[in-house]
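The values are calculated or read from the model by the stated rules, or taken from the named source; none is laboratory data. Please read all numbers here as calculations on a predicted model, not as lab measurements. FYI the Cβ positions are ideal-geometry reconstructions off the backbone, even for glycines, and counts take in every protein chain you see.
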Amino acid sequence: MTIASREPQNTGVNSSEANTCRVKPDRIRAAILTVSDKGSRGERGDQSGPALAEALTGRGVEVVATALVADEQPLIAGALCKWADAHAADLILTTGGTGLSPRDVTPEATMQVLDRVVPGFSEAMRASSLARTPFAMLSRAVCGVRRRTLILNLPGSPAGAIENLEAVWPAVPHAIRKLQGDMEDCVPPQK
């Protein structure tokens, strides 16, 4: 696995998140796991991982680790456990392996290691993607929590990965803050 260090950047809530809770994690650390048989064999370059890293750093997220593994359940689960159990990252994004091909096992590997499923993220991604393509119905992406780390399965294409991340991003900082122990109410009480 490759470890990439970057300087922390501002992680404040931007104007596109104005309708969400104004939670400002001190720092979000992310890891990106690209799942690709061809990529792991050197037959194809990883485009989704770097695209996600760029999108995250543009949002002030520190990308602390990246890795590329074959579509093998033990390899995927192992990487997720390694990062989550060591609390190396607050957020883990997987890209690839969420479709219907026989070798697409990212959702199974993710389910194997999750403590809690957070279906709203997957539902929001599919709903957003469905506005662009009917093939969104084929996504088996799952999202959830292992220990204090949020794990999101994203599609393998760079465009699909970025679109899905954008669909759920307004809730990601809040989810991470809650996982870090924030007990504040998000919405002020009604008078």
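A few notes on this one:
- Qualifying residue in the range 133-149 (condition: among the aliphatic types (A, V, I, L, M), closer than 22 Å to Val105 by Cβ and in a strand (DSSP E or B)): yes
- Matching residues, the range 34-81, being hydroxyl-bearing (Ser, Thr, Tyr), buried (at least 17 other Cβ atoms within 10 Å of the Cβ) and outside any loop (DSSP other than H, G, I, E, B): Thr34, Ser40, Ser48, Thr66
- Residue in the range 78-93 that is at pLDDT 95 or above and either over 15 Å from Ile151 (Cβ atoms) or among the hydroxyl-bearing types (Ser, Thr, Tyr) (or both) present: no
- Residue selected from the range 15-33 under the condition at pLDDT 95 or above and either among the aliphatic types (A, V, I, L, M) or in a loop (DSSP other than H, G, I, E, B) (or both), by the criterion surrounded by the fewest Cβ atoms within 10 Å (Cβ to Cβ): Ile28
- Filter result for Ala161 (within 12 Å of the chain's Cα centre (by Cα), part of a loop (DSSP other than H, G, I, E, B) and in contact (Cβ under 8 Å) with a residue 40 or more places away in the chain): no
- Ile151 vs. criteria in contact with a Gly (Cβ under 9 Å, 6 or more places away or on another chain), within 30 Å of Gly45 (Cβ to Cβ), modelled with pLDDT of 95 or more and of a type in the set (Val, Ile, Thr): yes
- Scanning the range 82-97 for residues that are over 16 Å from Val118 (Cα atoms), part of a loop (DSSP other than H, G, I, E, B) and touching a residue at least 24 places away in the same chain (Cβ under 8 Å) returns His87, Ala88, Ala89, Gly96, Gly97.
- Some residue of the range 100-113 being more than 24 Å from His174 (Cα to Cα), part of a strand (DSSP E or B), modelled with pLDDT of 95 or more and in contact with an Asp or Glu (Cβ under 6 Å, 6 or more places away or on another chain): no
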